[in-house]
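Note sheet for the following structure.
The values are calculated or read from the model by the stated rules, or taken from the named source; none is laboratory data. As the structure is a computational prediction, the values presented were derived from the model and not from experiment. Virtual Cβ from ideal backbone geometry, glycine too; neighbours counted across all protein chains shown. Note: areas computed on protein heavy atoms with side chains; ligands, DNA, RNA excluded. Shrake-Rupley method; radii C 1.70, N 1.55, O 1.52, S 1.80 Å.
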Amino acid sequence: MLLAIPAVLSAADVAACAADLAGAEWADGRITAGTQSRTVKDNGQLPATSPVARAWGDRILDALGAAPLFVSAALPHRTFPPLFNRYGPGQSFGTHIDNAIRPIPSTSIKLRTDLSATLFLSDPDSYEGGELLVEDAFGVQAIKLAAGDMILYPASSLHRVTPVSRGVRLASFFWVQSMIRDDNARAMLFDLDQTIQALAATQGIDDPQV
Ligand code: NI
């Protein structure tokens, strides 16, 4: 299931985040790439220890915790501390699958990557190219969302970022270990929850759990 989560960050937060990212120390994106994706990855990335990455990563996690659509769709057990990347003109990330297991930095925790997330941080009109292409059961989906919006997709999906030809594409990316590992089972629970919420709203039930 591919799902867009709108307005995870407000316009004001996106502007403040972009300003902080502009002044941060960027590294080569290959620092977190596996041996195979390393050969197709060309972008900039903030180190996991970057104070800017940690501060805005925490802000994003707080926002997601208060986003019912994300909680319902991901049923998160554990979320990787968000990372940040930047694609300038000519940069891209070729077709790859994200690592199945991610050690969480500075902990002994290993996260099973059930879901991948990309939170767009640049106005789509400010850059050309830089689409996230995700292969799913219906073919290749091209994703380029408004700044502050996030896409959630199965981490087992083949995906790539097309070359940026103008401007700069900033984004945050991370992974979620869900309480429900199987994508189809999780999608079914999501549909059920959305139906209950819709019924509760139309039937005027205050507490749908009663
Ligand atoms: Ni990836």
Here the Kirkwood hydrodynamic radius of segment 46-149, Cα-based and in Å, equals 15.7
Dipole check, the chain, charges on Cβ (K,R +1; D,E -1), about Cα centroid: among HIS96, HIS77, GLY65 the Cα furthest to the positive pole belongs to HIS96
Taking the alpha-carbon centroid of each part, what is the distance from segment 159-210 to segment 137-152 in angstrom?
12
In the neighbourhood of PRO81 defined by beta carbon distances under 12 Å, the net charge of the other residues (Lys, Arg +1; Asp, Glu -1) is +3
Indicate the gyration tensor shape class of segment 1-44 (rounded, prolate or oblate), computed on the Cα atoms with a ≥ b ≥ c the square roots of the eigenvalues: a/c under 1.5 is rounded; otherwise a/b larger than b/c is prolate and the rest oblate.
oblate
Charge dipole magnitude, Cβ of K and R +1, D and E -1 - segment 1-101, Cα centre, debye nearest 20
220
Compute the whole-percent fraction of alpha carbon pairs in segment 108-187 spaced more than 14 Å apart.
65
Does anyone have the angle between helix 11-22 and the longest principal axis of the chain? Alpha-carbon axes, 0 to 90°, nearest 10?
30
Carbon and sulfur together cover what percent of the accessible area of segment 53-98 at a 1.4 Å probe radius?
57
When the convex hull of its Cα atoms is projected in every direction, mean area for the chain (nm²):
12.5
Magnitude of the Cβ-charge dipole (Lys and Arg +1, Asp and Glu -1) of segment 58-210 about the Cα centre, nearest 20 debye, reported as 660
Would you work out which of PRO124, PRO163, PRO47 lies farthest towards the positive end of the dipole of the chain? Charges go on Cβ: Lys and Arg +1, Asp and Glu -1.
PRO47
What angle, in degrees between 0 and 90 and rounded to the nearest 10, separates the Cα long axis of helix 51-65 from the longest principal axis of the Cα atoms of the chain?
20
Please give me the summed charge of the neighbours of ALA7: other residues whose Cβ is under 11 Å from its Cβ, Lys and Arg +1, Asp and Glu -1.
-2
Taking the Cβ of ALA48 as the centre, find all other residues whose Cβ is under 12 Å away and add up their charges (Lys, Arg: +1; Asp, Glu: -1).
+2
Quote the charge dipole size of segment 103-148 about the Cα centre in Debye, to the nearest 20; the model charges only the Cβ of Lys and Arg (+1) and of Asp and Glu (-1).
360
